[in-house]
Each structure stands twice: as structure tokens, then as C-alpha cells.
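Undergrad: Handing you a structure now.
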Amino acid sequence: MPTHAQTIRRALPSLRREGARPWSPTVGNVKALILLAPLVALLVGFVFYPLVKLAIDSLTSDHGLRNYSDVFANASTRRALYTTLIASVIVTAITVAIGAMLAWHLVTVRSPAVRAVLWLAVLAPFWMGTVVKNYAIILFVSHDGLLNDLLAAVGIGRQQILYTSGAVVIGIVYSMVPYAVFSLYGVFAGIDQSLLSAAQSMGASRIQALRTILVPLAMPGAVASAALVFAISVGFYVTPVLLGGGQTPFMASVIQANILTYYDYGFASAASVVLLVVATAILGIALRLVGRERLVRAVA
Amino acid sequence: MAPLHDRNAVTADRNRRERMRHLSDRATRLGGGTVVTIAALLLLIPAALVVALSFSNDKYFNFPPRSWGTRQYHTLFTSPQWGDAIWLSVKIAVPAVVLSTLIAVPAVFAINRSRLPLRHALQAAGVTSLIVPLSAYAVAMYGVFVQLHLLATYLGLVIANTVLAFPMILVVTTAAMSRIPVELELAAMTAGASRLRAWAGITLRLLIPAILAGAVLAFITSFDEAVFINFLGGPGQVTLPKAVFDSVRFGVDPVITAIATLLMLFTSVLMLIALRLRRTGQ
Amino acid sequence: MTDEIALDIQEVSKAFGATNALERVTLQVHRGEFLTLLGPSGSGKTTLLRMIVGFESPTAGRILLGGRDISGLSPADRSAGMVFQQYALFPHMTVADNIAYGLKLRRWPRAEQRERVGEMLDLVRLEGYEARYPRQLSGGQQQRVALARALAYDPEIILMDEPLGALDRALRIEMEQVIRRIHRDLEATVVYVTHDQQEALALSDRIAIMRDGRLQCVDTPEELYYRPASSFVASFFASSNLLPVTLVERLGPDSARVRYGQDELSCRVAGEIAGPVQLAVRRRSLRREPSPNCLVVRGTVAETLLFGDEREVILDVPDAGRVVALIAAHAAADLAVGQPVELYVPPEETVLVTDVDAGAPGTAGDADAPLQPDALAVGP
């Protein structure tokens, strides 16, 4: 074994020369900005600039302020806005309720087989992709589809579901449930389950324990999740067009028709700003209620 | 013996309440179980339906099918339009994923290792494109693309897909980075590594599974993109989702079931790979 | 240990925003010395260590290692080896690659690297573990690999940040022996951070006691234990009781006469005496049998706890609050809660100290003084 002194001599010559600039333990702001430059460029150029330009264009292009009066004066656009908002509220309620139940079962279920099936159910819409899952819903709810076969079998009779706002709600719920499950799964997994056993050991019934322990603890996460589901639902494009068809009024269809068929960019931008304002307001309220941290976590 | 009688009454009362509670608990579990079962079935049935119908041998859509076979797959592989659409989707997704990685990974380092003001706000802003109403955002992009002459161009579509894809890598890599102790870098630097070398040799090396997982998710996001393409693609740029969209919109072509089944298989394999990668990274 | 100064910390201060984490710390470490930075959490000991290795930069002052100013150098250029509490082994490298990491960076030839890794594994008694990955090792083994990694490239100084903090008690004692042996065999200069005074006692040549970002005193374990320089050192380091006394007269440089209640006695003096004073009495100095000229502590038994061979007896003492005594279990068997009792302290075992906490909250005389060592031993 070489002596202490020998190894020192071996080690020292390879040390770099003493640096000219003093070392700083944290990465300097300039270096950090260089690393962030691509992200900042993309965000500024293709996220913030488009949204700001959209707002400005909606006030200045084509008919100026009349873009907005057109949007609100037009009875069919008003109906589309109304339908979109109501449908999104219903979608949010159903999605969060189903998502919460699925997520809670995924967290608590003991049987690996049941858990695997539940995960498969949650992931199936995810794996299908945006367009295909709407196609699957078309097959499911069409006049001769499985759902109508079932309805006929139980004596309700065949219903026209496809190309109604009901079909759109089903389609968006089908698309959004996996997202709600993912974010709520994180919320529930972070809750100590022994709290529920503790409540039940003190005499609470299962439902009392869920209501007094689980619900308050999960509420902020659920609020964040609901706000996101709503904001995303409002902007759904593929589902209203494919499942709603030409006759069911949704904002996405109105916007699409105006921009791609009538080339009325001013009208489309004003209608888009209305959607953005609604979504931003809901997200803003959620932000106030539960904080940025939780909201960002609900996205991821 | 009055006190004993009282005690018996109390015990009986407690037993009754106990029984009621057990009953209500069982009802709660049963009710919850039923709802979850129905929900799971409703989620699974449409997917199963697509797969089942892809093996229908009927020329036109029938439910239930009159005959079974691989006719749909045969039609799919012999018509050129689908191949072109898939190729364009890949041609857009690959550069979008590469750009996304180059944007997200350095940003994650800067956000986690510097004291730049607003760095956390920037991180939150990174997921904006995931939460804005997409049809409104598409109109906004339309306005900018008209201005920059990017409408209906390949470059424009790569940019549009990058905007939607990079948050996947940003989110997954950030989560992974928070699980890597900064002490590893410090240990490397004390042992003689420069900061760059410690980043590359230790932290980046340990982040690779997460970055790959994020890249797979980003690829799926781009490959599946169906909204921007409608607004920004124009008639000449037909990606796979756009082709399927148009086909579904103008009628129920049973070939779609075959595409859908293959797509499902493809996506699920990719997602399982991503999941695997994220696990190994932990 | 030699007289040569290896590490020279000169008037180093560190401010985080408005709070001062370190205030004008000056400290010399000799070559081959094992120096421990000891203090409660938030005392600045870890900040000082991180500054020596280069993870923080000082707001003022400078740090010299082997005579050269390293304050502005990157950790890579400082020739320090660091051992972390959570091991910080590279999870994607084998044990051998972890240990060879610093050697690779110094471009040692492969054969020498291999040879050196072998030597290091011998040193930490992990022969044959070259090809294992960190996750396949126990906590104690991982920390030995971390030690080997820090020693491999023979740095001028080894820094250890609570290296035993993540280990259980039995492993801690084993690792203490490993560290002591390595320090002796390699004549390495070591700066060691801990909040555990037992660990500091077992390992150190000298101990620097820190509190609120200031260096309280630096001395050998014996001096600090038997002749504490202040009330803080007495209570924190030796868990001594602090009794309220008044100084009657100084009898010389290291003794004085004090009054405790109605009694007067002689006691020893170790540090500077300025301002209000207290009498430090270690817990084992309180006895059941009187000795000549002894200090008499009168109180009622508030609580007793059996610690095996010894019994901890907590007394309520008028004017002094709670006084803790450790008495041989057989001699304390008759003590019952609520019973009045007299305990006796030989005068040579009492030390007069300056009450550094006079006027501050939580001073001796409070119900929960003196500071319990166990309370400090938990936490990070």
C-alpha cells in the first residue's frame, strides 16, 4: 500500500489549475437562462403570443368589437355556448364522480386480478387515441349498436343517441375519465388509509368514515381535478364534431365552421376568447381555492 | 334488580346499533362495488367492441356482423392512403419528440439547480398547452400560422406538435429529478468532476429512463394529435388521426376498426414501455 | 496529529437573506487531527462544512486548505473527500466504479485504479464486494463504500456530514470503530459534523461546539466534559444541571467560593467568568452519601426511571427547577415520587460557569431545564 505522501503526490498534479473565476455553488442566472431559452422561446412564441394575438385580433380584425356582438347576438351561437357550458358541467360532475370511485378502488383493492382489470378499464380509452375512441362510442351508441340492443332488450326501446348532446357528453366523459383517475389516484394514494380504520374503530360507519375523513382530505385534489376536466372539456373539438354531428350546437363546431368554412376569423377568434375566458375563470377560481402546487400536480 | 336490567337494555341497544352499522357498511361496499363494476364495463365495452368488429368480414358495417374474418386488415394493408397517412404522422412526431427533449431537459436542470426568480412559475407555465381549451388554442395558433406563413406546412405541424408534446417530457423528467438526491452531484464534484461532468455523468445518466418514458408519451401525444391538424394542416397534410377523422365523419367505414385495433395495440405497447422505463428510473 | 495547520478558517460568515447562519467563525484544524463540529440543529455546523467543501460560498472571510485559499474554488479543485449522511453512492455504478470515480477523473492508469480500489476495500473490510451495486448493500456497507470513495484519491481533508445518522445503534458503534481505525491508520485530517455528543466523545481529538451560528468553544473532549467553559457547554455537552449560585470570591485562576441558598462552598472554574454565574453539576455527581464540604441539593422526587444499572431521579428543587441525577440503582431503590430527599455533590466535581443564557427564554431554572441529551439526539 503506498504511503500517504506517495498518493498525495500522485493525486495532486492532475488537479486542474486554480480557476480564474470564483466558483459559485448555484448555477448562475445567465447559465440558467441559456438552458431555459428554448423553453422560453417556445412558450412565448407559440403559447403566449398566440393567445394574446387571439385576444387582440378578436377586438380588431374583421368587424372589430362587432365580432363579440355577433357572437352573442346570434341565437344559434348563444345556444352553442349554452350547450357547451351545460354539457361541460355535466361532464365534469360525472367524470369526477366516476373517476373518484375508480381511483379509490384502485388504491384500496387487494386482489391483484381486480386491480389489473380496473387499470385495463381506465387505460383502454387512453390507448385508443383521440379519434378512435370517439369512433368506438359511435359504434356503441349508434341506432343498431350494442347500447340500443340493450335498451331494446330491457323494454325501453331504441333511442336516437348518436348526434345528440347526450352522445357528446358520453364521448367526453369517456375521454376524460382516465385523466381524472390519474390525478385522483395520486390524491387518494397520499391519504393514510389507517385514518379510515381509526374512524371506524371509534364507531363510525363506513360511509361516515368516508364522508368525515376521506372527503375533506381529498377535496382540494378533487377541486383541482374538476377544474381541469372542465377547462379541457370546454375546448373539446373531435367529440362534438364526430358525435354531435352537424345539427348539435357546440362551440367547437361553431368555431370550426367559421374558420374553415366561412373564413370568418374575427368571429371565430371572438368565440374562442369567450371559451378561454370561461376556462381561465374556472381555473383561476380553482387556483385561489387550492393553490398552484395542487393544480399543477393534477395536470401531471 | 333494576341496574342489571338497565345494563341489559344498554347492551341490547348497542348490539342493535352495531348490527345496523354492519348492514350499512355492507350496503356501502356493495353499492360502491356495483357502481365501479358498471363504470369499468362501460369503459371496456367500446374498446372491446372495436376489436371484435375488426374481425367482421362484412363489406359494410353490420352489428352484430354476419360473418367473421380478416377482411378489414386485408383492405387496410392493400390501400395506399393509410400508409401515406401513417408515414406523415411519424415524420411529424419524430422531430417533434426530438425538439421536445431538447427543450424540456435543459429546462428541468435550470429549474431544479438554479435560483433564477420565477423559475417555478415557468415550470407551471410549461403545462399551459395541456389545460387551455384546445379548439380555442387552435384558433390562436391559426392566427399566428397565417401571420408566419406556417399554415399547411410541414414545419408548422412539427412546431404545433412540439407545443403539445414537450410538457410530457417536462412533467415526467421533473418528477424523476426530484427523486435524484442532489448529493450525488455534490459527491461527484468533490471527487473532482466539473459541474457539467457531474450533470452528464450522474444526474442526466440517472434521468435517461424518465426522459425516454417522457419521449414515448410525447410521441404518442403527437402521433395521436387530431385537433391542430384540422385547423392548421390544410387539405394536403393528412396524418393518420386526420385520415381516420375524415373517414369517420363521412361514414362508418369498417376498415377503421382494423386501424383502431392496431393503433390500440401499438399505443398500449408504447405506454407499457414508458411505464417500465419510469419504474426502472426509480 | 501534527502541529502543521491543514485547514484554516478565517473569520467566515454566511448570511442567508437577513438571517446569519454563521458569524465570524475562526478555527484551525491540524494535519492528522479529527475535529468534530458539534451543535444542535440550526447551529451552523453543516453550513460550515458545506462551505469547506464548496457547496456554499462564504459571505465574508476565507478558508485555507494546506495554505492555499480555496474560498473561490469549485469542489473539484479543493482536494476534499466528502461522506454524506444518506451515503450518496452512485446507484448506476458498482462498488468498484464508485470508489474509482475520483481516480478516473484524475486519469489514473487502469491497473493502478484497480489496485487502489482493492486497497480501499481492504481498508473498509469489504473485500469481494467490487461487482455489487449499492442497492445490494446494507446501510452500514454503503457508508463504508462512501468512506472508501472519499478516501481513494487521497484528499487533503475528509469531511463527514452526520455519516452515522441513518444507521441504527449497533451499526453506529461498529462504524465508529471503522472510522477511528481509518483515521489512525491513514493519519487523515477529518472534519466531522454531528449533533450527538456520544459520537463526538468517542471519535474526536478536539470538539468545536457551535450554537446559533457562532463557535462557542474548541477543546478536547476531556476539557469540555469535566471543565466546561460556559453554561451552554455544560448542559449541552455533559447534560449537566445548572444551579443558581452567587459568586462570593475568586480564590485563584481555577477556583472560587460561591453561595448556593444558605450554603457556601468552593468550586472549580474553567472558563472566563463574566456576568451572572451558574454552578454546573453533572448528573452522575449527585450522590446519596455526603462527603466533606459537599454541596447539598434538597428537593422532592418528581419522577424516577430505571436505566438498568442506574436510576434517573428527577428532583423538584426550589429555585433551581428540575435537577436530574443518575444514581446506582441499588442506592436509589427506596426513592419514591413525592418524597423529600437530599443529594450530595463533592465540591471538586462542581464547575462555576458563566450563565450565557441569562435573560434569554429557556434558561436554567425553567421547569424543563436542563437540556436533555436524548431530546437532541433525535432528528436530523
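The values are calculated or read from the model by the stated rules, or taken from the named source; none is laboratory data. As the structure is a prediction and not an experimental result, all values here were calculated from the model. So basically every Cβ, Gly included, is an ideal-geometry build from the backbone, and we count neighbours across all protein chains shown. Heavy atoms of the whole protein, side chains included, go into the accessibility calculation; ligands, DNA and RNA do not. Shrake-Rupley method; radii C 1.70, N 1.55, O 1.52, S 1.80 Å.
Undergrad: Among C:Val53, C:Val29, C:Val12, C:Val25, which is the only one that is at negative phi, within 23 Å of the chain's Cα centre (by Cα), open to solvent by less than 30 Å² (accessible area, probe 1.4 Å) and within 14 Å of chain A (Cβ to nearest Cβ)?
TA: The conditions single out C:Val53.
Undergrad: Go through (1) over 21 Å from A:Gly235 (Cα atoms); (2) more than 10 Å from chain A (Cβ to nearest Cβ) for B:Ala165 and report which single condition fails.
TA: Exception for B:Ala165: condition (1).
Undergrad: Do we find that A:Gly129 is within 7 Å of chain B (Cβ to nearest Cβ), open to solvent by less than 40 Å² (accessible area, probe 1.4 Å), modelled with pLDDT under 90 and at positive phi in this structure?
TA: yes
Undergrad: If I ask for residues that are in contact (Cβ under 8 Å) with a residue 40 or more places away in the chain, within 10 Å of another protein chain (Cβ to nearest Cβ) and in contact with a Ser or Thr (Cβ under 6 Å, 6 or more places away or on another chain), which ones from the stretch C:122-159 would you list?
TA: Selection gives C:Pro155, C:Glu156.
Undergrad: Here are some conditions: (1) within 12 Å of chain A (Cβ to nearest Cβ); (2) within 30 Å of B:Ser56 (Cα to Cα). B:Val238 meets all but one. Which one does it not meet?
TA: (1)
Undergrad: Here is a further query. Quick one: would you say C:Glu119 is within 8 Å of chain A (Cβ to nearest Cβ) and either without any contact (Cβ under 8 Å) to a residue 40 or more places away in the chain or open to solvent by less than 30 Å² (accessible area, probe 1.4 Å) (or both)?
TA: Answer is yes for this residue.
Undergrad: While we're here: Does the stretch C:66-74 contain any residue that is away from chain A (no Cβ under 12 Å) and at pLDDT 95 or above?
TA: no
Undergrad: From (1) at pLDDT 95 or above; (2) buried (at least 24 other Cβ atoms within 10 Å of the Cβ), pick out the condition that doesn't hold for C:Tyr133.
TA: With (1) at pLDDT 95 or above; (2) buried (at least 24 other Cβ atoms within 10 Å of the Cβ) applied to C:Tyr133, the lone miss is (2).
Undergrad: Just give me the residues in the stretch C:53-67 being farther than 10 Å from C:Leu22 by Cβ and assigned to a strand (DSSP E or B), in sequence order.
TA: C:Arg62, C:Ile63, C:Leu64, C:Leu65
Undergrad: Taking the stretch A:135-173 only, how many residues are of a type outside the set (Val, Ile, Thr) and facing chain B (nearest Cβ under 7 Å)?
TA: 7
Undergrad: For the stretch B:196-251, how many residues meet the condition of being within 21 Å of the chain's Cα centre (by Cα) and charged (D, E, K, R)?
TA: Residues meeting the conditions: 3.
Undergrad: Let me ask another. What residue, among those in the stretch A:98-126 that are facing chain B (nearest Cβ under 9 Å) and among the aromatic types (Phe, Trp, Tyr), is nearest to A:Gln159 (Cα to Cα)?
TA: A:Phe126
Undergrad: Let me ask something else. Would you be able to tell me the number of residues in the stretch B:246-267 that are in contact with a Leu (Cβ under 7 Å, 6 or more places away or on another chain) and facing another protein chain (nearest Cβ under 7 Å)?
TA: 2
Undergrad: Of the residues in the stretch C:292-330, how many are among the small types (Gly, Ala, Ser) and either out of contact with any strand residue (DSSP E or B) (no Cβ under 8 Å at 6 or more places or on another chain) or open to solvent by 50 Å² or more (accessible area, probe 1.4 Å) (or both)?
TA: 1
Undergrad: To continue, here is another question. With B:Leu186, B:Leu204 as the choices, which residue is under 29 Å from A:Gly186 (Cβ atoms), part of a helix (DSSP H, G or I) and not polar (S, T, N, Q)?
TA: None of the other options fit; the residue is B:Leu204.
Undergrad: Could you check A:Arg288 against (1) of a type outside the set (A, V, I, L, M, F, W, C); (2) open to solvent by less than 30 Å² (accessible area, probe 1.4 Å); (3) out of contact with any Ser or Thr (no Cβ under 9 Å at 6 or more places or on another chain) and say which number it fails?
TA: (2)
Undergrad: Hey, another quick one. Please pick out the residue among A:Ala93, A:Ala124, A:Ala97, A:Ala113 that is open to solvent by 10 Å² or more (accessible area, probe 1.4 Å), part of a helix (DSSP H, G or I) and closer than 30 Å to B:Ala258 by Cα.
TA: Only one candidate qualifies: A:Ala113.
Undergrad: Ok, one more. Can you tell me how many residues in the stretch B:27-76 are buried (at least 17 other Cβ atoms within 10 Å of the Cβ) and among the small types (Gly, Ala, Ser)?
TA: The number of residues fulfilling the criteria is 7.
Undergrad: On to the next question. In the stretch B:56-76, how many are away from chain A (no Cβ under 14 Å) and without any contact (Cβ under 8 Å) to a residue 12 or more places away in the chain?
TA: Here the count works out to 2.
Undergrad: While we're here: Taking interchain pairs and intrachain pairs at least six residues apart, which have beta carbon atoms under 6 angstrom, with the first residue in the stretch C:81-98 and more than 7 Å from every other protein chain (Cβ to nearest Cβ) and open to solvent by 10 Å² or more (accessible area, probe 1.4 Å) and the second in a strand (DSSP E or B) and not small (Gly, Ala, Ser)?
TA: Final answer for the pair search is C:Gln85/C:Asp161.
Undergrad: Picking from A:Ser233, A:Ser253, which residue would you name as being among the polar types (S, T, N, Q), open to solvent by less than 10 Å² (accessible area, probe 1.4 Å) and more than 8 Å from chain B (Cβ to nearest Cβ)?
TA: Only one candidate qualifies: A:Ser233.
Undergrad: While we're looking at this one, here's another question. If A:Ser201 satisfies all but one of (1) modelled with pLDDT under 90; (2) among the hydroxyl-bearing types (Ser, Thr, Tyr); (3) surrounded by 16 or more Cβ atoms within 10 Å (Cβ to Cβ); (4) more than 20 Å from B:Val252 (Cα to Cα), what's the number of the condition it fails?
TA: With (1) modelled with pLDDT under 90; (2) among the hydroxyl-bearing types (Ser, Thr, Tyr); (3) surrounded by 16 or more Cβ atoms within 10 Å (Cβ to Cβ); (4) more than 20 Å from B:Val252 (Cα to Cα) applied to A:Ser201, the lone miss is (3).
Undergrad: Let me ask something else about it. Residues of the stretch B:238-250 being part of a loop (DSSP other than H, G, I, E, B) and open to solvent by 30 Å² or more (accessible area, probe 1.4 Å), which ones?
TA: Result: B:Val238, B:Phe250.
Undergrad: Condition (residue is open to solvent by 10 Å² or more (accessible area, probe 1.4 Å) and within 16 Å of the chain's Cα centre (by Cα)) applied to the stretch A:264-276: is it met by at least one residue?
TA: So far as the stretch A:264-276 goes, yes, one or more of its residues are open to solvent by 10 Å² or more (accessible area, probe 1.4 Å) and within 16 Å of the chain's Cα centre (by Cα).
Undergrad: In the stretch A:56-84, how many residues are buried (at least 17 other Cβ atoms within 10 Å of the Cβ) and either part of a helix (DSSP H, G or I) or more than 14 Å from every other protein chain (Cβ to nearest Cβ) (or both)?
TA: 11
Undergrad: Turning to a different aspect of this structure: Conditions: (1) more than 7 Å from chain A (Cβ to nearest Cβ); (2) in contact with a Phe, Trp or Tyr (Cβ under 7 Å, 6 or more places away or on another chain); (3) of a type outside the set (A, V, I, L, M, F, W, C); (4) closer than 16 Å to A:Lys53 by Cβ. B:Glu183 meets all but one. Number of the miss?
TA: Of (1) more than 7 Å from chain A (Cβ to nearest Cβ); (2) in contact with a Phe, Trp or Tyr (Cβ under 7 Å, 6 or more places away or on another chain); (3) of a type outside the set (A, V, I, L, M, F, W, C); (4) closer than 16 Å to A:Lys53 by Cβ, only one is false for B:Glu183: (4).
Undergrad: Among the candidates A:Asp62, A:Asp70, which residue alone is more than 26 Å from the chain's Cα centre (by Cα) and closer than 17 Å to A:Leu275 by Cα?
TA: So the residue among A:Asp62, A:Asp70 that is more than 26 Å from the chain's Cα centre (by Cα) and closer than 17 Å to A:Leu275 by Cα is A:Asp70.
Undergrad: Could you tell me which numbered condition C:Val193 fails, if it satisfies all but one of (1) open to solvent by 10 Å² or more (accessible area, probe 1.4 Å); (2) within 13 Å of the chain's Cα centre (by Cα)?
TA: The failed condition is (1).
Undergrad: Right, next: Please go through the stretch A:248-263 and pick out each residue that is outside any helix (DSSP H, G or I) and either closer than 12 Å to A:Val168 by Cα or within 20 Å of the chain's Cα centre (by Cα) (or both).
TA: A:Thr248, A:Pro249, A:Phe250
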